[in-house]
Amino acid sequence: MSEKRILLVEDNEKIMQGNQRMLLRRGYGVASALTLTEARREFEAQTPDLIVLDIMLPDGSGLDFMAELRQYSKVPVLLLTGLTTPEDIVHGLTAGGDDYLAKPYDFGVLMARVDALLRRAEQIP
């Protein structure tokens, strides 16, 4: 089994670095982007197996980026965001997100959700 590649899209560098460290420890390959522009570039360079996507980014909405991706890709997307109302969660999931985790969050929960999404994606032909 080849190494799974995760694209982290997060504008908070501290959160990005913490998540990156945890994912690397778990044996995942990690690409990171602080903006949607960088995320598009990383996605085009090498399609990831999973995207962990913030919604509020300096150059636009992660939901808009996800809508673009959904036109040609089924890559799983875990929304990781400070938007915490039930309406935010419903909106994120109905917009195409595969899972939703509100900040602040527990690293163990994040890793379990990443693992679960990747397991589920492997089962889809």
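Do you know which residues across the range 16-34 are within 13 Å of the chain's Cα centre (by Cα) and under 20 Å from Lys103 (Cβ atoms)?
Passing the criteria: Met16, Asn19, Gln20, Leu23, Val30, Ser32, Ala33, Leu34.
Anything in the range 9-56 that is touching a Leu at 6+ places or on another chain (Cβ under 6 Å) and assigned to a strand (DSSP E or B)? List them, or say none.
Val9, Val30, Ala31, Ser32, Leu50, Ile51, Val52, Leu53
Assess whether Gly92 counts as being part of a helix (DSSP H, G or I) and buried (at least 19 other Cβ atoms within 10 Å of the Cβ).
So Gly92 fits the description; yes.
For the range 75-89, how many residues are surrounded by 14 or more Cβ atoms within 10 Å (Cβ to Cβ) and either assigned to a loop (DSSP other than H, G, I, E, B) or not polar (S, T, N, Q) (or both)?
Residues meeting the conditions: 9.
Of the residues Gly62, Gly27, which single one is out of contact with any strand residue (DSSP E or B) (no Cβ under 9 Å at 6 or more places or on another chain) and open to solvent by less than 70 Å² (accessible area, probe 1.4 Å)?
Gly27
Looking at Gln17, Gln46, Gln71, which one is open to solvent by 50 Å² or more (accessible area, probe 1.4 Å), polar (S, T, N, Q) and touching a residue at least 40 places away in the same chain (Cβ under 8 Å)?
Gln46
The values are calculated or read from the model by the stated rules, or taken from the named source; none is laboratory data. If you're wondering where the values come from, they're calculated on a predicted model, not measured in any experiment. Don't worry about glycine lacking a Cβ; one is built from the backbone with ideal geometry, like all the others, and counts go over all protein chains shown. These accessible areas exclude ligands, DNA and RNA; they are computed on the full protein's heavy atoms, side chains included. Shrake-Rupley method; radii C 1.70, N 1.55, O 1.52, S 1.80 Å.
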